[in-house]
Structures are given as C-alpha cells and as structure tokens.
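Below is one structure, written out as structure tokens, with a few remarks after it.
The values are calculated or read from the model by the stated rules, or taken from the named source; none is laboratory data. Note that this is a predicted model, so its numbers are computed, not measured. Note: ideal-geometry Cβ built from the backbone for every residue, glycine included; neighbour counts use all protein chains shown. Note: accessible area is taken over every heavy atom of the protein model, side chains too, but ligands, DNA and RNA are not part of it. Shrake-Rupley method; radii C 1.70, N 1.55, O 1.52, S 1.80 Å.
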Amino acid sequence: MTYSLLAVGSNAALVTFLLYTLAVFALAWLANKALAGKSFMSEYFLGSRNLGVWAFALTFAATSASGGTFTGFPAKIYTHGWVLALWIASYMVVPICTMGLIGKRVNQMARRAGAITVPDLLRDRFGSRAFGLLATVLIVYFMAFNLSVQFKSGSVILQTLLRDVPVFQDMTAALTAFGNNHADSWLVKQLTPQHGPVDWGYQLCLILFGVAVIAYTTYGGFRAVVWTDVMQGIVMVAGVLIMLPLALSQVGGLGKATRELAQMTPPQNATLQLQLSEMGGSVPKEAWFQSADEPSRIFWSTHDAIADTSSNLVEVRCMEVTSPNELVRIRESHEFFPATIQNVELAAAPKFGANEPGHYVTAPGPSQSSESGFLPFGIAISFFFMWALSGTGQPQYMVRLMAFKNSQTLRRAILTVTFYFGLIYFPLVIIFCCARVLMPGLDHEADSVMPRMAVLLTTNAGHSWLAGLLVAAPFAAVMSTVDSFLLVVSSSLVRDVWQRNIDPDASEKTVKRLSYWTTVVVGGIALIGAVNPPQFLQDIIVYVGSGLAACFLIPVVVTLYWPRANTAGCIAGMLGGFFAHLSMHIWGMLTPGYSFAKPYELFGLSPVLIGLTGSLVATLAVTLMTRPLPDDIIRKYFGKDEPATQTT
Amino acid sequence: MSPPRCDDPVFLNTRREALLILLLWFLCLCWVVPYSVMYGYERPAPGEEIPLVWGMPSWVFYGVALPWLLASVVSILMCLFVIKDDDLGLSPEEIEAAGNESPNS
C-alpha cells in the first residue's frame, strides 16, 4: 500500500499551502501596521503587553505544541503503545503549572523593570549585567540547536504535503538534474549528506519553509507570531478532532483496537535474500514479502534495493511482522511482491518485549534498544516532573507571560489551555494506538505516521481533500514554535547584548533596523544548519527542553519568590543546572550502550532531574554563603506600590 | 535597621496560589504514578484478557484518564475561585503613553 497525500497529479495540496501562507503573511502585514505609533521594542518583541485571552491562550498552547507533538509523539505512541498515556500524563496539570505558578509575578516584575526579555528581567532584578549576559548565552546556545531541528521538521512535513504535486515534482527533477550536472561544485558538495545523495525535494522545502517563517516573523514581530499562533492553534485542534472519530470508526471501536494491540509483539529487524524474476531488477521500499513455508512468515522492506545487472539475487533490509493477529490480517488484505525468499538473516531481537504479547497495552512498553523497556518506573516519575514543571521557567513561555494584559486574562487563558490540551494530547494517544492496528509495519519510519494516518483515514472516509487540512496541523505546530524561538533569540541579542551592553543610547531607528536584521540573520543561520541536520529530532528537542529547564527553573523561581536570592546564588544555580545536565549526556557518550542523544540515567532518573537537583543545591548553597541584595532592590520587587522604572 | 518589608499583595497572593498549584501537581503525581506502577506494569497472563474501561486498558482509565479529567476540573475551579485578580501595575511605556494622553483626555 502506498500513501500518496492527495490525488496524484492534483495541485490541491499546493493550493492549500499557498492559501495558508498567504493568510500568515496577511496577519504579519496587519501586525506590522500595529507597530505604528508605539514603542518599537515593546511592540515588536512583546506586543505592547496587551494580549487578550484568546491570543494569549493560543500563542502559549501553540508554542508548547511543537513539531514533536505531531511527529515525534505519534511516532512514540505507534512504537510503544498505551504506555504513552503515562508518559504524557502530567500534561493534565501543565496549563495551570506553567502559567499559574509564575505568570502573574513574571508579568508584574517585567512591568516594574520595564523588561521585554527574560535576561532583561533577570538583569534588572539583581542589578547584574553578568547574569543577564549569562542567561542570553544559554538561551542562544539551546535555541540555536532547536531552531535547526524545527526547520528540518517543517521541511519534512512540507515535503510530505507537496510530494505528489506536479509543479513540485518538476522543480525537484530540475534540481536533481542540476545536482547531477554539477556534482563537483562547492554548493552540491555542501548539500550532500554523509550517506547517500542530496535530497533536492527536502532542500527545496527547506528554502520555502525557512524563507516564509523568517519573512513573516521579521516583518510582523511578536504580534505577527501571536496572531499566526492563534490561527495555527485552531488548525491543530481541528486536525485532532477530525481524526479522532475517523480513527475510532475505521478501527471498529477503541475496545477492538486495544484487544488487537494486546496480542501484538514488536517486529524484528531482518535482512532477506530475494530471488527476483529478472536480472538487475529492483525492490521498492515498503513492499510486502511472504515466505513459502507454512504458516508463512511476512516481511516489509524498509529500504530500496537493486540487484546487479548480472544477477537476480538481491539483499533487502526488512522488518518481520511477528504478531499472529497481524499476520492473519496482512495475508488477507495486502498484495505481496513477486519474489522468492532465499534466506532470512535475523538481526538482534528487540531488547524488551520480543515475542511476548501484552507489552503494547502495559507499561513499561516494548523497546528495541533498552532492556528495561520504554518507560521504567524512574523515568515515569522524571517525566511527571519534566512536562509539568520544566516548562515553567523556559524563556519562550516566560516571554509570553510578560505579554498578557491583566490577571483576568491569565485566569481565563489557563482555563482555555486546560480545555485545549485535554482535546489534543489524550486523543492523540487514542488515535495513534488505532494507527498501529490500521497501518502495520511502519516502525522503521514512525516519524511519518501522522501524515500517513491522515491520508489513510480521509481516503477511507471518501474525503481525501481533508488530508491537506490534517497535514497542515503538524506544519502549523512547527511553524508556531520556530517563529517564537526565532524572536526569543533575536530579542535577546538586540536587547540584552546590543542595547544593554554595547550602545544603550541607540536611537529607535537603529534598534529597529538592528532587530529586523538580527531576526533575518539568526533565521538564516538556523536554515543553513538545517541543510545537513542531525538525526534524532525528538532526542534533540528533549535535550533542549530539559537543558533549559535545568538552567532556568530554579533561578527563575527564586528570582520571583525569594527576597534573599542574590546574583551569585542564581549564577551558580544556572551554571550548576547546565553542567549537571550536560554531564549526563557526556557520561552517555563515554558509556557503552549509551550516546549523547541517549544520556546516562543516574539512579534511573532522567538528566532533567539531575540538572534540577544540581541547580537547586548550587543556588541554595551559594546564596546562603554570600551577602543578600541591597534593600532598595528588594523593596522594588517585593514592596507594595513600587513604581515602574524608565526603560531605555 | 530593619529588613525591607515584603508586603506586595501580588507577591503574597501569587506565592499562596503557587503553593496550592504545587499541591495539585503533587496530588496528581501521588495518584498517577503509584496507581500506574501497581496496575500498569504487569502483563496479563497468557490467555487472560486485559480489563478494559471504555475501550482503554483499565489502568490507563483509572491511572491517567480519570485523574486528567479531575485535574482539569480542579484547575478550572482554581481559575474561577482561587486565583485573584491582582493589579499588575503599569509598565514604563504605559505610564509614558498615559502621560501623553492625559492633557487632552
């Protein structure tokens, strides 16, 4: 079975994409008009601190729901089953924790300080330029990683969306021909990945996606980002709410899906030697093969393969389906590739759950790489900390907390996001547990399960045009995250490096020009970083999220709530969190069976808990060993009726 | 000389609200993780059917879905009745804008 997105030869997907992009640019144009007559810095980077309920709630929710929500998360559900409900469980309190724990206080203190960025606030609270600069360096370091990864994610989704559009196919073919003719040129060499040829379709989508995001973010600033987030937030929830009933009806009810999952066992990697009907024949990726023995074994090719011109034998990398109930269904409903299996060479079995049914409906869930399963007890606790509390101190959320209009807006926004997350995250678990039953054999390409499921559900329902809208949901998620990160980085550089440290008297015209150019340059660098991006999208997203939490959560909380907190303690907390967290990743690099992307889990705990512990200990110890801040600063932020300071 | 007074009402209210929110998070942790560990980490014996509630494994329903629903209700109640409408003050640019408008208004 193939999964073309829309009818082959149709430009419908391209039209959907163009309409969507036009709407985004229209919002950016309106946002740019709103800049007129207002303080440039406050409006461009903070929307003049007057976001209403819907704008604030949806920009917060859309920034939180990144590409991982619609690519990595569905892939994990597909691969590990119902245990993902426990993995994501703390989202039940994420809205009230991330917005309610510090929201009002951040907003109030930012108003008092006249701060428009997180480092700006920290710098003013402690009267320390060094602390502001340290926060800026850490923000730029982590966000640079994430921006490139999100650019890749957006390009991959756009490529899926446009794959069958004739204009896109023609352009890709022309670029491929260009690449072949100029294989020795500097440009082509730079674009060529370590393994395999240049994927010109990806490069084209990267340019389209990157230029669109950089352009509307630069032109419209924070308000454009917020307005587009609102539109993207609506697209996301609509996508999930359309998919849920379609998935449940097509699988025959949730009970049936869960019972099917209960009988499944994880697939097994294998290499087949096939005899083809002709010399030099080829085997496509994603073809089914059946052995001649009784009962037959079934395999699914995970890569293309071509035989030598002088041979009809070919080796193909495959996955073997091992679940008895899946074998019966696949034999009945799928066509098999015409080839004879000569030999089967099995790779190492999955490390947890091999040949044992029941793991897809229980914890810790099956795992190809870990002997303790996907979610051992210690990691389950870590994730309950991570989702609910780690978001609290992260700069991209904090900057939104500086921008809402008043307390009433905050209360209503928490209420709205509570509904919103309830409508997205748990339904996603249900939809992609159904996906495992409806679409077997995608373990090797689980990141693409969302668009494939959208195509399958809408085609089966006779409304294939809907697939465009459903695939727009993950695209919107990536876009809304990238634009927010882009602005956080550029605002940090312009405000906290240039305006605070290099040229405090810069005119508004200079600051304006600098802000535009910084956003373009930062976006451009991230785009170049995505030309040959690292693999393991979700691992890098987790590294960045947990790293930011380890650095910022404790210092931010004491900044807001502990009058005794001082500069030395907070700098120690930030560095302590950074190095404790990083050390787990480096320990992973040095330990067999682990890697930087798969960090060491000290005492069975995730690196974020180790980082938070390091940060807490360092903050408390150094604060108590050093002198408190002068009284006037404490009075300014903890005393009644203190006026706002004049911003520069 | 006495230490400065920390009597800002927004500080005092948000600190109280933050403690209640942390309590809610902790109660959810105490329900979800131990329940799921007790009932979710054991595979059904061969031939035995996994108990379902509304089509999902019962440990998911009682360990995740039900507390999710209740946590959402409590969050909404806290938004309506616990979190106070505090005056967050004016930013410098708002003060400046108000100053520019006042002579004509």
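Dipole magnitude for the protein assembly as shown: about 2120 debye, using +1 per Lys or Arg Cβ and -1 per Asp or Glu Cβ, origin at the Cα centre. Compared with the rule-of-thumb size 2.2 N^0.38 Å for a compact globular protein, the range A:267-349 has a Cα radius of gyration ratio of 1.04. When only DSSP loop residues count, what GluC sites (Glu not before Pro) in the range B:9-105 have their Cβ near at most 15 other Cβ atoms within 10 Å? Here the GluC sites (Glu not before Pro) that fit, given the DSSP loop and packing criteria, are B:Glu42, B:Glu48, B:Glu49. Estimated purely from DSSP H runs of n ≥ 4, each contributing -39500 (n - 2.57), the mean residue ellipticity at 222 nm for chain A is -20000 deg cm²/dmol once divided by its residues.
Mean partner shielding of peptide A:353-360, defined as the number of other chain Cβ atoms within 10 Å of each residue Cβ, is 2. Please give me the summed charge of the neighbours of A:Gln396: other residues whose Cβ is under 14 Å from its Cβ, Lys and Arg +1, Asp and Glu -1. With Lys, Arg at +1 and Asp, Glu at -1, the net is -1.
Within 10 Å, count the other beta carbons around each residue, average over each peptide in A:432-440, A:179-187, and list them highest first.
In descending order of packing, they fall as A:432-440, A:179-187.
Once you have a ≥ b ≥ c as the square roots of the Cα gyration tensor eigenvalues for the range A:492-648, tell me rounded if a/c is under 1.5, and otherwise prolate or oblate according to whether a/b is larger than b/c.
Oblate.
Applying a threshold of 20 Å to the alpha-carbon distances of A:Lys636/B:Lys84; A:Lys152/A:Lys351; A:Lys38/A:Lys405; A:Lys104/A:Lys512; A:Lys405/B:Lys84; A:Lys351/A:Lys598 flags A:Lys636/B:Lys84; A:Lys152/A:Lys351; A:Lys104/A:Lys512 as lying beyond it.
Taking the Cα centre of chain B as origin and assigning +1 to Lys and Arg Cβ atoms and -1 to Asp and Glu Cβ atoms, the resulting dipole is close to 580 debye. What shape does the range A:61-111 take by its C-alpha gyration tensor, where a ≥ b ≥ c are the square roots of the eigenvalues and a/c under 1.5 counts as rounded, a/b above b/c as prolate, and the rest as oblate? Cα axes put the range A:61-111 in the oblate bin.
Per residue of B:6-16, how many C-beta atoms from partner chains lie within 10 Å of its own C-beta, taken as a mean? If you can, show how the numbers build up before the last one.
Numbers: counts 10, 4, 12, 2, 9, 11, 2, 3, 12, 4, 0.
Mean number of neighbouring Cβ atoms from other chains: 6.
The fraction of Cα-Cα pairs per 10 angstrom bin, counted from 0 for the protein assembly as shown, comes to 3, 13, 23, 26, 19, 10, 4, 1, 0, 0 percent, rounded to whole percents.
Sorting the segments A:356-366, A:87-97, B:52-62 by their mean number of nearby beta carbons within 10 angstrom, highest to lowest, gives A:87-97, A:356-366, B:52-62. Only helices enter this figure: runs of n ≥ 4 DSSP H residues, each worth -39500 (n - 2.57), summed and divided by the residues of chain B, yield -17500 deg cm²/dmol at 222 nm to the nearest 500. For the protein assembly as shown, the solvent-accessible area of protein heavy atoms averages 39 Å² per residue (probe radius 1.4 Å; ligands and nucleic acids excluded).
Taking a ≥ b ≥ c as the square roots of the eigenvalues of the alpha carbon gyration tensor, the range A:367-517 is prolate, as a/c is not under 1.5 and a/b beats b/c. Averaged over the residues of peptide A:362-370, the number of Cβ atoms from other protein chains lying within 10 Å of each residue's Cβ is 3.
Once the C-beta distance of A:Arg329 and A:Thr192 is scaled by a Förster radius of 60 Å, the resulting FRET efficiency is 0.90 to the nearest 0.05. Charged neighbours of A:Pro95, selected by a Cβ distance under 12 Å, balance to +2 (K, R count +1; D, E count -1).
Taking the Cα centre of the range A:267-349 as origin, sum charge times position over the Cβ atoms of Lys and Arg (+1) and Asp and Glu (-1), and report the length of that vector in debye to the nearest 20. List each step's numbers first, then the result.
Details: 5 positive and 12 negative charges, 28 e Å.
Here the size comes out at about 140 debye.
Within the shell defined by Cβ-Cβ distances under 12 Å, the residues around A:Val24 carry a net charge of -2, with Lys and Arg each +1 and Asp and Glu each -1. Stretching the chain fully between A:Asn460 and A:Asn343 yields a gain of 38.5 nm (0.36 nm per residue, less the alpha carbon separation). Between B:Leu27 and A:Ala597, the simple spin-label model (points 7 angstrom out along Cα→Cβ) gives 4.1 nm. In this assembly, the B-A interface accounts for approximately 5600 Å² of buried accessible surface in total, computed with a 1.4 Å probe and without ligands, DNA or RNA.
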